[in-house]
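The values are calculated or read from the model by the stated rules, or taken from the named source; none is laboratory data. Owing to the predicted nature of the structure, the values given are computational and were not obtained by experimental measurement. So basically every Cβ, Gly included, is an ideal-geometry build from the backbone, and we count neighbours across all protein chains shown.
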């Protein structure tokens, strides 16, 4: 059976060793992440114009398309993004409330 002092000492030793290994790994990972990001940007620069053409040919602004580029099947996705005019929504909410109706029957409200 180990004494508590011995266990605490071993715990400290292991934590220090883990920290050293993490730092060693980080110093090797960081340059790889920079290189990976550069490659992703190059891929995006080559594929984006083709994706735009594919969406235009399909007469689509959003959705998912597949196309072949340089012998590789590409999946291109443009999500629908709706930006609501928050001031106008509040005005609508208030108009509904002013008539005595419950705006929550018409509008889903989320606090962020």
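Can we say residue 50 is surrounded by fewer than 10 Cβ atoms within 10 Å (Cβ to Cβ), assigned by TED's automatic domain parsing to the domain that holds residue 70 and assigned to a helix (DSSP H, G or I)? Let's see the steps before the verdict.
Values: surrounded by fewer than 10 Cβ atoms within 10 Å (Cβ to Cβ): no; assigned by TED's automatic domain parsing to the domain that holds residue 70: yes; assigned to a helix (DSSP H, G or I): yes.
Here the answer is no, as residue 50 does not meet what is asked.
Scan region 78-112 for residues that are surrounded by 10 or more Cβ atoms within 10 Å (Cβ to Cβ) and outside any loop (DSSP other than H, G, I, E, B) and jot them down.
Answer for region 78-112, where residues must be surrounded by 10 or more Cβ atoms within 10 Å (Cβ to Cβ) and outside any loop (DSSP other than H, G, I, E, B): 78, 89, 90, 91, 92, 93, 94, 95, 96, 97, 103, 104.
Go through (1) surrounded by 10 or more Cβ atoms within 10 Å (Cβ to Cβ); (2) farther than 30 Å from residue 107 by Cα; (3) modelled with pLDDT of 95 or more one by one and return the number of the condition residue 64 breaks.
For residue 64, the failing item is (2).
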